[in-house]
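The structure appears right after this line, and notes come after that.
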Amino acid sequence: MTHLFRPTLSALAITVATIGAAHADTINVVASFSVLGDVVKNVGGAHVTVRNLVPANGDPHDYSPTPEDAKALKAAPVTFLSGEGLETWFKRLAKASGTDKEPVIVSEGIKTHMFDEDGKQVTDPHVWNSIPNVMIWVDNIEMALTSADPADAAGFKANAARYKDQLRALDGKIREEIGETPTGKRQILTSHDAFGYFGEAYGVTFLAPQGVSTETEASAADVARMIDQIKADGVKTYFVENSNDPRLVKQIAEATGAQPGGELYPESLSGSDGPAPTYLDLMRYNADQIATAISQK
């Protein structure tokens, strides 16, 4: 599969280093969406100011960039994308901005998986729903920030190490929490295929009427097959998602008798007053919601 703007990490280090390594109190960087922006903040600490293009509660698949986004992208010494086909709108934004700087693809090195969607093989871009994948993000972000600002390399290294300790601890807690429910009962209905990496990492099966992108539409035949499968498998709980339309999953739930489990945050942080204002909060909250739902089956 051809990836958008995918430099190797060795080439990335050379590219970012040419931007200008002069030390400053902070560097202004851009992140494509809120989940990634929070991870960048944790690695950069006081040495970076992060602008997220897609805001909290926004859909990173389907975004319409603004003129202000183009200005920020043009001015930023470093721009971070997740990649793997997530930010389909970014190429248009980069062209409009006039930037000649390649973005950092933080998912470089992650083992991805594929979905069969309408007869085509597509890469699942939702890599951050597995904490071990985000630890790879952290390494890539640290490398890019160090290349852009070598004077603060020690700070980036310390921040990355501290954050990875927090990630490891939470990963262990999630595995323990999900593990309390027998494997055969770990089934959940959600709006779209955003939890594949969570399912692989933590042993949960997710069913969804939409594909890996919220821009896809489920056919009537797809919905009918989904309803039959949910009834056959005895799936009892469904979740809506904070960043996309809940009507289809609610329609399927009504036809199958599945009960609401609440709202999950698969690809966007909540606002600061919500339950998932950081990536650690997002993973903790989603895991708690899912564990509660499957334990009651």
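Worth pointing out:
- Helices (runs of 4 or more DSSP H) fully within region 4-107 that include at least 3 residues being loosely packed, with under 15 Cβ neighbours inside 10 Å and at pLDDT 95 or above: 67-75, 90-97.
- Looking only at region 264-279, residues that are more than 12 Å from the chain's Cα centre (by Cα) and either assigned by TED's automatic domain parsing to the domain that holds F33 or not polar (S, T, N, Q) (or both) come to 7 in all.
- Exactly one residue out of G234, G184 is out of contact with any Pro (no Cβ under 7 Å at 6 or more places or on another chain) and at pLDDT 75 or above, and it is G184.
- A single entry from Y238, Y279, Y265 fulfils the requirement of being buried (at least 20 other Cβ atoms within 10 Å of the Cβ) and without any contact (Cβ under 8 Å) to a residue 40 or more places away in the chain: Y265.
Conditions (1) free of Cβ contacts under 8 Å to residues at least 12 places away in the same chain; (2) under 25 Å from P150 (Cα atoms); (3) of a type in the set (K, R), marked per residue:
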| site | (1), (2), (3) |
| --- | --- |
| F80 | no, yes, no |
| E87 | no, no, no |
| K91 | no, no, yes |
| A94 | no, no, no |
| G98 | no, no, no |
| K101 | no, yes, yes |
| V104 | no, yes, no |
| G109 | no, yes, no |
| M114 | yes, no, no |
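- Breaking point among (1) closer than 21 Å to G37 by Cβ; (2) part of a helix (DSSP H, G or I), for R168: (1)
- Single residue of region 252-297 satisfying the filter (under 11 Å from F239 (Cβ atoms) and part of a loop (DSSP other than H, G, I, E, B)) that is modelled with the lowest pLDDT: A258
- Qualifying residue in region 142-154 (condition: in contact with a strand residue (DSSP E or B) (Cβ under 6 Å, 6 or more places away or on another chain), assigned to a helix (DSSP H, G or I) and among the hydrophobic types (A, V, I, L, M, F, W, C)): yes
- Residue tally, condition surrounded by fewer than 17 Cβ atoms within 10 Å (Cβ to Cβ) and in a loop (DSSP other than H, G, I, E, B), over region 108-127: 5
The values are calculated or read from the model by the stated rules, or taken from the named source; none is laboratory data. Here the structure is a predicted model, which is why all the values come from computation and not from measurement. With ideal geometry, Cβ positions are generated from the backbone for all residues, glycine too; neighbour counts draw on all protein chains shown.
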